[in-house]
1. Normalised radius of gyration for the range 45-165, please: alpha carbon Rg relative to 2.2 N^0.38 Å, two decimal places.
2. Give me the dipole magnitude in Debye, nearest 20, for the range 38-139 about the Cα centre, with unit charges on the beta carbon: positive for Lys and Arg, negative for Asp and Glu.
3. Taking the Cβ of each residue in Arg10, Arg235 as the centre, tally the other Cβ atoms inside 10 Å and list the residues starting with the fewest.
4. Output needed: percent of Cα pairs per 5 Å distance bin for the range 93-232, bins running from 0 to the one holding the longest distance.
5. Determine, for Ser40, Ser126, Ser45, the number of other Cβ atoms within 10 Å of each Cβ, and report the residues in order from fewest to most.
6. Select from Ala307, Ala44, Ala284 the residue whose mean-square fluctuation is largest in a Gaussian network model of the chain (Cα-Cα springs shorter than 10 Å).
7. Tell me which of Asn286, Cys276, Ala12 sits at the most positive position along the dipole axis of the chain, charges placed on C-beta atoms (Lys, Arg +1; Asp, Glu -1).
8. For the chain, with only Lys/Arg (+1) and Asp/Glu (-1) charged at the beta-carbon, what is the dipole magnitude about the Cα centre, in debye rounded to 20?
Amino acid sequence: MIVVHIDHDRGAIDPLSLQALSAACSLEDTVVAVVATDASLPDASYAELREFGASEIRIATHPGLADFAPAATARALTEVVAQLQPAAVLAAGSARGNEVMAHLAAMLDLPLATDCTSITLGADASTVTRARWGGNLLEEAEVIASLLLASTLPHAYAATPASAAGTVTSWQPELADADVLVRVVDRVTPSGSGGVGLGEAKVIVSGGRGVGGPEGFASLDELAELLGGTVGCSRVVTSAGWRPHAEQVGQTGTKVAPDLYIACGISGATQHLAGCKNSKTLIAINTDPDAPIMKVADYVVVDDLHAVLPEVINALRH
């Protein structure tokens, strides 16, 4: 049996959690999906978990779990582990998933293997392959523990339908005040935000230092809208305050896997490439033909992005 921590945003299942669920289904027939919330999920969310192989769905309900609360979620998982004695607990290797798993590892005094691309379970030790240095190095490691705690590298596993019964049970975990000390208590939506998120976008038009400033993103916004996609950016852009951190692609931002990634004025530092290397098609527009991103892109345009993008936009409009 494998337990999978399912992350969600107010009832909407994180697609990366479905990838972790599929990873678990490839290892074991019995997979228990655990969701932490303050109430029941929408019917569509239960159906989605069943569609991707959840043999059982356990809902930890508590007022302290109204929004993301990593320690409280981990505490709920310890109760599931104690009751079911699974072979492994998996989660998505997102910032949120890794944080919950780090708390769980500390509570259980066990090692944690993050960003795994493959997993082989054993009775007293498991073997994992995990991405290091932004995915530039794959490390094979033996995790010596009767219970494997691991997260899956985003997009290393495909979310594959594997219909299961998905019976639902609920319980209220015993949480201490310390467990809910760190939690999301409010959300503020930036003005002008909306549309498809980076993680789900099929097309991303991303900008770096070469865009020149916040006003330079106007053409990227326009192109993304025409292509039905969204805008991303590099870390230097968010550090400069040109765009919000929510749009950052990279090792410390969002790891993406769109059908099309258009990198405009991005040199391609290791940190950024770690976030976009799973793109099916990568187009780089840069004045420097020797920029690192030009060596990994499927197509390159050596020119000023401010000369290229208006031509592309004009062609799309006509």
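1. Values: Rg = 14.7 Å, N = 121, 2.2 N^0.38 = 13.6 Å.
Normalised Cα radius of gyration, the range 45-165: 1.08.
2. Working: 6 positive and 12 negative charges, 38 e Å.
Using only the charged Cβ atoms, the result is roughly 180 debye.
3. Numbers: Arg10 11, Arg235 20.
The order, fewest Cβ neighbours first, is Arg10, Arg235.
4. 2, 7, 10, 12, 14, 14, 15, 11, 7, 5, 2, 0
5. On the way: Ser40 14, Ser126 24, Ser45 18.
Lowest to highest Cβ neighbour count: Ser40, Ser45, Ser126.
6. Ala307
7. Towards the positive end, the residue furthest out is Asn286.
8. Working: 18 positive and 36 negative charges, 62 e Å.
Computed charge dipole of the chain: roughly 300 debye.
Values quoted throughout were computed directly from the atomic coordinates according to the rules given, and no laboratory measurement underlies them. None of the values given here were measured: they were computed from a predicted structure. FYI the Cβ positions are ideal-geometry reconstructions off the backbone, even for glycines, and counts take in every protein chain you see.
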